[in-house]
2 protein chains.
Amino acid sequence: MLSQKTRYTIRALMHLADKYQQGLVPLTDIAEAQNIPAKFLTVILSEMSRAGLVVSQRGRDGGYELALPPVDISYGDIIRISRGSLALVPCASRFAHEKCKNCLEESNCRMRALMLKVRDETAAVLDRISLADPIDMGVMAEG
Amino acid sequence: MLSQKTRYTIRALMHLADKYQQGLVPLTDIAEAQNIPAKFLTVILSEMSRAGLVVSQRGRDGGYELALPPVDISYGDIIRISRGSLALVPCASRFAHEKCKNCLEESNCRMRALMLKVRDETAAVLDRISLADPIDMGVMAEG
DNA sequence: TGTTATGTCAACCATTGCGCTAGACAATGG
DNA sequence: CCATTGTCTAGCGCAATGGTTGACATAACA
């Protein structure tokens, strides 16, 4: 599962993508529109700022905007930055690989091989779609 | 991320699949071979027993075995049973749907649509592979 | 019968992580 | 100078996680 914080992050960046090139968006606007606790959002946006995904301006009429065109920010990037990895287990991460606790030798761990496959499929979806892409709502039909 | 418990569950069931039709496997065998704390494993296997994935026998020479042929147990099933869902957010689960906290209306939530897509891809991988399938170790090459 | 080897179960416990807030500070515009 | 914005570090409370304890049930076997 994605943490609440990661979900907030995604929604906040979606919001900024919607307002791209329309000037700075103050934090409270995002918080209200997206139903995110304002104080918590400061933590989130500061992180995104440090990560280089958004730029901020302080003082009156300050706010946030995306540091890059939405097309250059994929959902994969966002989740990797916020959560560290797309994988279901630490040892199946390609960018933030870490040994799993209480596991056996990685080199012939079948669970790891399986989870790498899942990770790669996940990445195929999430890296292909950027903040600029319209999202196909069709998938919701069957749920 | 999968919880440690879910990882243990998968490895324990893999172990039982390897020993399928070779008689009952005592808990301590699994615990030792798979490096899982024995007492904790009792909790896990009891759950799997209640869920109908394994059958157990008490008393001397007792132990566990899969309740079904390995081919009839997919990794998707295991994870769903252990963790409740394959999805990255509660509202994107197809079998255990739940409203996300602090979200907006689900019906036009783009994040949900995206996460449903990811869930479906994940399910496509995990439901296709069962405990009877050899796992392709090729994916590990690039990591 | 009783002893030993197993699984069952409920309760509990310690630690960690998560979600979030507090509060002091910095900078920008008017 | 003051109002409005973002920045930063600390910390807090709660729930979940990972795991243990210990009493109990059951089965095989001598």
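The values are calculated or read from the model by the stated rules, or taken from the named source; none is laboratory data. This is a predicted model, so every value here is computed, not measured. Please note: Cβ atoms are built from the backbone with ideal geometry, for glycine as well, and neighbour counts cover all protein chains shown.
Restricting the first member to the range B:113-125 and to residues that are more than 14 Å from B:CYS91 (Cβ to Cβ), and the second to residues that are among the hydroxyl-bearing types (Ser, Thr, Tyr) and crowded, with 21+ Cβ neighbours inside 10 Å, the beta-carbon pairs closer than 8 Å and six or more apart or on different chains are B:GLU121/A:THR122; B:THR122/A:THR122.
Quick one: which residue in B:SER74, B:SER82, B:SER56 is at pLDDT 95 or above and near DNA strand C (Cβ under 8 Å from one of its atoms)? Among B:SER74, B:SER82, B:SER56, only B:SER56 is at pLDDT 95 or above and near DNA strand C (Cβ under 8 Å from one of its atoms). Pull up the range A:26-38, narrow it to residues that are in contact with a helix residue (DSSP H, G or I) (Cβ under 7 Å, 6 or more places away or on another chain), within 14 Å of chain B (Cβ to nearest Cβ) and part of a helix (DSSP H, G or I), then point me to the one that is nearest to DNA strand C (Cβ to nearest atom). Of everything passing the filter in the range A:26-38, A:ALA38 is nearest to DNA strand C (Cβ to nearest atom). Answer yes if at least one residue in the range B:51-68 is part of a helix (DSSP H, G or I), away from DNA strand D (no atom under 13 Å from the Cβ) and either crowded, with 21+ Cβ neighbours inside 10 Å or within 14 Å of chain A (Cβ to nearest Cβ) (or both), and no otherwise. No, the range B:51-68 has no match at all. Quick check on the range B:115-134. Is at least one of its residues at positive phi and at the interface with chain A (Cβ under 7 Å from one of its Cβ atoms)? Taking every residue of the range B:115-134 in turn, none turns out to be at positive phi and at the interface with chain A (Cβ under 7 Å from one of its Cβ atoms). Hey, can you tell me all the residues within the range A:83-117 that are within 18 Å of the chain's Cα centre (by Cα) and assigned to a helix (DSSP H, G or I)? Matches in the range A:83-117: A:ARG83, A:PRO90.
Right, A:LEU41: touching a helix residue (DSSP H, G or I) at 6+ places or on another chain (Cβ under 6 Å), crowded, with 18+ Cβ neighbours inside 10 Å and either of a type in the set (Ser, Thr, Tyr) or assigned by TED's automatic domain parsing to the domain that holds A:ARG119 (or both) or not? Taking the combined requirement at face value, the residue does not satisfy it.
I need the full set of residues from the range B:39-53 which are closer than 18 Å to B:ASP127 by Cβ and either near DNA strand C (Cβ under 8 Å from one of its atoms) or not small (Gly, Ala, Ser) (or both), in order please. Answer for the range B:39-53, where residues must be closer than 18 Å to B:ASP127 by Cβ and either near DNA strand C (Cβ under 8 Å from one of its atoms) or not small (Gly, Ala, Ser) (or both): just B:LEU53.
What residue, among those in the range B:84-95 that are crowded, with 18+ Cβ neighbours inside 10 Å and either under 12 Å from A:LEU88 (Cβ atoms) or out of contact with any Cys (no Cβ under 6 Å at 6 or more places or on another chain) (or both), is nearest to the other protein chains (Cβ to nearest Cβ)? For the range B:84-95, the residue satisfying everything is B:LEU88.
If you take the residues of the range A:3-25 that are outside any helix (DSSP H, G or I) and surrounded by 13 or more Cβ atoms within 10 Å (Cβ to Cβ), which of them is farthest from DNA strand D (Cβ to nearest atom)? Of everything passing the filter in the range A:3-25, A:TYR20 is farthest from DNA strand D (Cβ to nearest atom).
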